[in-house]
Every structure is written in structure tokens, then in C-alpha cells.
Amino acid sequence: MGSLFAELARQASTNARREVETYIREIPEFGFLDKDRWAWAETLEHSMWFRRRTVELSPENSELSEDDLGYIASMGELRAGAGMSLDARQRVLRVHTALMLREINEATDAQHGGGVDELMRMMTWFAPQGERGIAAYRQGFVRVLRRRIPYTEQVALLARSLLNGDPISVELAAAVDMELPDRCAVTVFRIPDRPTIDRFLESEIAALVKSHRAPVMWGPESGDGSGELIALFPLFSGAVAAENAPPHVVPDLLPDLTPDHLPDLVRDFARALGCPCAVGTATAPLPELAEALVRARRISRAAPLRRASAGLRPHTLADVFVELAVADVPFIDDWLRTVARRLETGPDLLTTLDAYYRHDMHRGATATALNVHTRTLDYRLRRVRELTGIDPGSTRGVRTLTAVVTRRLSGAWR
């Protein structure tokens, strides 16, 4: 055995103890080890085993055996059985890897610059075998989760792991029989009054998840009682371009193109929620889902609240970019709110303008949607012009009044 490996063997006990102490100090969920001496000793034994096997296998670049991988998987099962969260599990893997690399560096320094060949042999072994070991640990962890927690919670863990970029998403997806896509449409359903998550609602959501193969999770509850449901609708290669791109479009100039079937999925989930909601969506490849969630959440806050109906659809950045900008400029928002107050004095003027613009200013389609005669519609549009000095059918009217309607319907001006 070379001097690097001998030094690692000599320091194994000290390094294992340091690892356990680091877990206790840096990961709150390991605080129980201070009081549970049996668990402390067991954790120390695991750390010692890793180091012994590293020293035994790395000199000849030997692979971890199936028994080794089974033992590592059992550690993952043990941690999951103790209730360890995904975040803590990820931190454990980070701490373990960082400490192992630190120990190799310290052992190399102890040789005063010697043993470069041994160091290269160690690193050649460490990367691929470390990856195999981590995969086995994840598999063991997920096996327990699959047995212990309900399907909807497994799906929520999958959604969270995808948003966090956690590699355990591969095992979680397999556990709930889902295929990981190339991209997702991260979709946020904003709900002003978060519904009670009872057994019936959970059953409805679970049925939709299984039907549409889309992981979902509840977002954090806001202080005002509102809430959000976050869905990751899968988009496989070519789906967006093939289904939704208009002819001659330049994709970079039309952000967050979504497939034609997405509105149907959105309506299904909105019906299950059973209350008005505002829906924002942003598409991204898997490594960028966290950033897409930020965009989708902001879009949902600018989007109008609507009940589940044929007209409900997910809003993208292209739909509400004006309102997003307005929300960050208070004096413009105040001016639009003043316009909205004037319209509140007329007969259903805001509702009329909403229908008018949603039907691309087509008078017949708008009147039909409102169930009124076209003469009644014309009267209301004249009334808008009288109260605001703005013609709804003019360029100025479109620019101003669409923003007024969307801001009003979003609930921003409570």
C-alpha cells in the first residue's frame, strides 16, 4: 500500500469522528445524535466503513461490489425511515463528499508534495465509485419513501426535487411511474383564498396527476391567506415548436411558447380546485426550473382571476408584460387605478371591456359572450369613452384599458 493510502488508513478514525461532528453541527436534523449514543455510534460506524472501503479498493481501482452498494442503500433506507428530509439528505451527501476530498488533500499535504501517482489513482477511483455509491443511497432512500408516504406526497417530493435540481428526482420519478421530460411548463395556480386540502381534493388532484403524468405541489401559504398550486407539465422534445408556434415566428421574440393542450390541463386542475384562480406559466429545461418558477409566480400575480371555464388559460410573459412593469411603478399603477374607479360607475363596463379585448374587439363575438345585443355593447363602449376620454377601439385605448382591466381582475387593487 502506498504512503497516501497508508495515511488515509491511519487517519480514518479521526476523520470519521470529524464527519459525525460536522453532521451534528451543520445539519439540524442530526441534532438527535447528541442524545442518542446508539445512533451516534452507528453513524460513526458508517463513516468508518466508507473510509475503510475507499482505502481497500482505490489502490487497484476496484469497483464497489453489489454487497457494498446494498450496504450503502441500507443507509439511505435507515435515514429515510428516521424521517430525514430531502434537503437534509442532499446536505449529508454534500458534506460527506466535501470531507472526503478534504481528507485526500490533507493526506497529500502530509507527504510534502509526494505521491502524485497515488493521488491520480485515488481521484480516478473516487469520482465514478462515488457516483455509484450516491445513486445506491438515493435508491434506498426512495424505497422507504415509496412504502411510507401517500402517492400525492411522493409526487410533491418529485416536484420539489425537480425545482431544486436534486438528482434524486430520477429515482422519485421511477417510484411514481413518471418519465422525466426534456422541459416543463412550470405553472402556478394562484388562489386568493386557499381551499381546505381535504381528502376529496387530494383524491381529485391525485387522479389528475396520474392522468396527465404531471408532478404537482402546494406552494407556501401567504400571510393574507392566499395560496398556490404548482404543476410541472411535461414537454418532450419538439412538442412546443410542433404544436404552438405560429408561422414565421422567431421563438426568441415570443417567450414561453406553450403546447396547444396546456389550456386543457390547466382547466382540469382549476375545476378540481373549485375556486377562481390566476394562472401563470413559464417553460424551461429541467436545470432551469427554479428560475421558471420565479417567472411563473410573478406572472400569476399579474394575471386576472377567473373561474374554471372554456375561457380559462395559462398566461405567459407575453400576455402580461405590461402589467408586470406597471406593478413596479407605483405612480403609473395609481393612474390606472383612477381610470378603473371611473369605469366602476358605469353598467358592467369593466366586464364589458374584458370580454371586448378577449374577443379581439369583435363586436358580434363580444355581444354573444356577454349575452347582450350589439346596440347594448355599443352603448357601453361609448360610456367608457365618455367617462375616461379614451376610445376603447383606439391604439391608446388598447394600450391603457387592457392594463386597467387586467390589473383590476388580478385582485391587485383590493
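Nearest 10 degrees is fine. How inclined is helix 317-327 to the longest principal axis of the chain, computing both from alpha carbons?
Value to nearest ten degrees: 80.
Could you tell me how many degrees, from 0 to 90 and to the nearest 10, lie between the Cα long axis of helix 66-81 and the main elongation axis, the longest principal axis, of the Cα atoms of the chain?
Long axis of 66-81 versus the principal axis of the chain: about 50 degrees.
Over the alpha-carbon set of region 1-62, work out the extent along each principal axis and list the three values in angstrom, largest first.
39, 16, 16
Report ³J(HN,Hα) in whole Hz for each residue of region 280-296, in order, from the Karplus equation J = 6.51 cos²θ - 1.76 cosθ + 1.60 where θ = phi - 60°; Gly and Pro get x.
In residue order, the calculated couplings are x, 9, 8, 9, 6, x, 3, x, 10, 5, 4, 5, 5, 4, 4, 5, 4 Hz.
Helix 349-358 versus the longest principal axis of the chain: what is the Cα-based angle in degrees, 0 to 90, to the nearest 10?
Helix 349-358 and the main axis of the chain meet at about 70 degrees.
Between residue 38 and residue 179, what is the label-point separation in nm under the 7 Å Cα-to-beta-carbon projection?
4.7 nm
For the chain, what is the accessible area per residue in Å², given a 1.4 Å probe and the full set of protein chains? Provide the component values of the computation, followed by the final result.
Numbers: 20620 Å² over 414 residues.
I get 50 Å² per residue for the chain.
Just read off the accessible area of residue 326 with the full protein assembly in place, 1.4 Å probe, to the nearest 10 Å².
Counting only protein heavy atoms, residue 326 exposes about 10 Å² to solvent.
Longest segment of the chain with no GluC sites (Glu not before Pro) in a DSSP loop having at most 13 other Cβ atoms within 10 Å?
Numbers: sites that count: 63, 179, 221, 344.
Answer - 222-343.
Rounded to the nearest 0.05, what FRET efficiency do residue 348 and residue 294 give with R0 = 35 Å and r taken as the Cβ-Cβ distance? Could you check?
Working: r = 36 Å, r/R0 = 1.02.
For residue 348 and residue 294, the calculated efficiency is 0.45.
Give the Debye-formula value of log10 I(q)/I(0) at each listed q (0.16, 0.18, 0.21 Å⁻¹), with one equal scatterer per alpha carbon of region 1-153, two decimals each.
-0.90, -1.10, -1.40
Can you list, largest first and rounded to whole Å, the semi-axes you get for the chain by taking the square root of 5 times each eigenvalue of its Cα gyration tensor? Show your work: numbers first, answer last.
Working: eigenvalues 652, 90, 76 Å².
In descending order, the three semi-axes are 57, 21, 20 Å.
By how many nm would the segment from residue 385 to residue 82 grow when fully extended, if each residue of separation counts as 0.36 nm and the alpha-carbon distance is taken off?
102.4 nm
Work out how much length residue 18 to residue 373 would gain on full extension: take 0.36 nm times their residue separation and subtract the Cα-Cα distance, in nm to one decimal. Before the final figure, lay out each step's value.
Numbers: separation 355, 0.36 × 355 = 127.80 nm, distance 7.96 nm.
Result for the pair: 119.8 nm of gain on full extension.
Mind giving me the FRET efficiency for residue 94 and residue 170? R0 is 22 Å, r the Cβ-Cβ distance, nearest 0.05 is fine.
Details: r = 18 Å, r/R0 = 0.81.
After rounding, the FRET efficiency stands at 0.80.
The values are calculated or read from the model by the stated rules, or taken from the named source; none is laboratory data. Bear in mind that the values here come from a model prediction, so they are computed numbers and not experimental data. Here Cβ is always computed from backbone atoms with ideal geometry, including for glycine, and neighbour counts include all displayed protein chains. The accessibility values were calculated without ligands, DNA or RNA, using every heavy atom of the protein model including side chains. Shrake-Rupley method; radii C 1.70, N 1.55, O 1.52, S 1.80 Å.
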